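Student: My structure is below; once you've seen it, I'll send some questions.
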Amino acid sequence: MPPKYIISTSILSADFTRLGEEIAACESAGADWLHVDVMDGHFVPNITMGPFIVQHCRRISKLPLDVHLMIEKPERYIEAFAKAGASGLTVHVETCPDLFSTLKQIKSSGCWAGVVLNPATPASAIEPFLGEADLVLVMSVNPGYSGQKFMPETISKVAEIRKQLDMLNSSAWLEVDGGIDHETLPLMKKAGATAFVAATAVFKHPGGAPAGIKVLRAAIATPAFG
Ligand code: DX5
Ligand code: ZN
């Protein structure tokens, strides 16, 4: 049985001079997935990594690769990321004029199909597609960089999507990404999130990535206040 709650460690904040060691440390500390943030300098201002990095992550780790595509026209790259070894591909609703066919294309490539929305995009934008998604990702910062401050106004969107997924009897993961740490994670879990992306809270923990993962695991077990 898959775990009920997922910690997806975003390698964006890893030390890339020792990426292999960082990933191995996450794996042995019990990370569930590796989150790979792909940025194109168009949809978001930053430029990061492509299929080449995914291919190398695949070679050195058995963990599922949760690939977040912050790129325009993502349909052009689905095949390349699938071939490189991605396990799941998540596309922004803001970048997909024909989201149904993009999700279909992702599934036919053998990956799980995720859809993500920015903080300013309402839940209604993805409602028609929820039945097709294996994963729904709610951004809790504006995409582009790690280390940004959590936006609390996104909590109610998670709760709204949780309701819609439950109404559909969907077993899709409800993932959150941006400013997730030991304080914000329980709030998102209470709202109905089941998968938690974290870069800073893992890789910038003074005790290293294993200590960061331990803190998040404890936060998953902690009931939220309020
Ligand atoms: C932001 C990326 C995130 C980012 C999270 O655009 O999608 O995955 O790495 O970083 P933290 O956990 O530091 O907010
Ligand atoms: Zn991400």
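Student: If we keep just the residues of segment 29-45 that are under 16 Å from R58 (Cα atoms) and out of contact with any Asp or Glu (no Cβ under 6 Å at 6 or more places or on another chain), which is nearest to ligand 2 (Cβ to nearest atom)?
Tutor: Going through segment 29-45, the residues under 16 Å from R58 (Cα atoms) turn out to be 31-38.
After this cut, where a residue has to be out of contact with any Asp or Glu (no Cβ under 6 Å at 6 or more places or on another chain) as well, the list is 31-32, 34, 36-38.
Numbers: A31: 15, D32: 15, L34: 11, V36: 8, D37: 4, V38: 9 Å.
Out of the qualifying residues, it is D37.
Student: What residue, of L63, L69, is more than 17 Å from V136 (Cα to Cα) and within 16 Å of ligand 1 (Cβ to nearest atom)?
Tutor: Working: L69 fails: more than 17 Å from V136 (Cα to Cα).
Being more than 17 Å from V136 (Cα to Cα) and within 16 Å of ligand 1 (Cβ to nearest atom) holds for just one of L63, L69, which is L63.
Student: While we're here: Inside segment 127-144, can you point out the residues that are more than 23 Å from C111 (Cβ to Cβ), surrounded by fewer than 23 Cβ atoms within 10 Å (Cβ to Cβ) and touching a strand residue (DSSP E or B) at 6+ places or on another chain (Cβ under 9 Å)? Full working, then the answer.
Tutor: Initial filter on segment 127-144 (more than 23 Å from C111 (Cβ to Cβ)): 140-142, 144.
Applying the additional criterion that residues be surrounded by fewer than 23 Cβ atoms within 10 Å (Cβ to Cβ) yields 141-142, 144.
If the condition is that a residue be more than 23 Å from C111 (Cβ to Cβ), surrounded by fewer than 23 Cβ atoms within 10 Å (Cβ to Cβ) and touching a strand residue (DSSP E or B) at 6+ places or on another chain (Cβ under 9 Å), then V141, G144 are the ones that fit.
Student: Among the listed residues S87, S124, identify the single one that is in contact (Cβ under 8 Å) with a residue 40 or more places away in the chain and either surrounded by fewer than 21 Cβ atoms within 10 Å (Cβ to Cβ) or not small (G, A, S) (or both).
Tutor: Details: S124 fails: in contact (Cβ under 8 Å) with a residue 40 or more places away in the chain.
So the residue among S87, S124 that is in contact (Cβ under 8 Å) with a residue 40 or more places away in the chain and either surrounded by fewer than 21 Cβ atoms within 10 Å (Cβ to Cβ) or not small (G, A, S) (or both) is S87.
Student: Looking for whichever is within 23 Å of D37 (Cβ to Cβ) and out of contact with any strand residue (DSSP E or B) (no Cβ under 8 Å at 6 or more places or on another chain) here; the options are A199, A219. Which one fits?
Tutor: Numbers: A199 fails: out of contact with any strand residue (DSSP E or B) (no Cβ under 8 Å at 6 or more places or on another chain).
The unique qualifying residue is A219.
Here's the yes/no breakdown for (1) buried (at least 17 other Cβ atoms within 10 Å of the Cβ); (2) part of a helix (DSSP H, G or I); (3) touching a Ser or Thr at 6+ places or on another chain (Cβ under 6 Å):
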position: V158; (1), (2), (3): yes, yes, no
position: S171; (1), (2), (3): no, no, no
position: V176; (1), (2), (3): yes, no, yes
position: G179; (1), (2), (3): yes, no, yes
position: M188; (1), (2), (3): yes, yes, no
position: F196; (1), (2), (3): yes, no, no
position: H205; (1), (2), (3): yes, no, no
position: K214; (1), (2), (3): no, yes, no
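Student: Further question on the same structure: Criterion first (surrounded by fewer than 22 Cβ atoms within 10 Å (Cβ to Cβ) and within 19 Å of Q148 (Cβ to Cβ)) does F16 satisfy it?
Tutor: On the way: surrounded by fewer than 22 Cβ atoms within 10 Å (Cβ to Cβ): yes; within 19 Å of Q148 (Cβ to Cβ): no.
No, not satisfied.
Here, each number is a calculation from the coordinates, and none is a lab measurement. It should be emphasised that the depicted structure is a prediction, and the values quoted were computed from it without experimental measurement. All Cβ positions, even for glycine, are placed from backbone atoms using ideal geometry, and neighbour counts span all protein chains on display.
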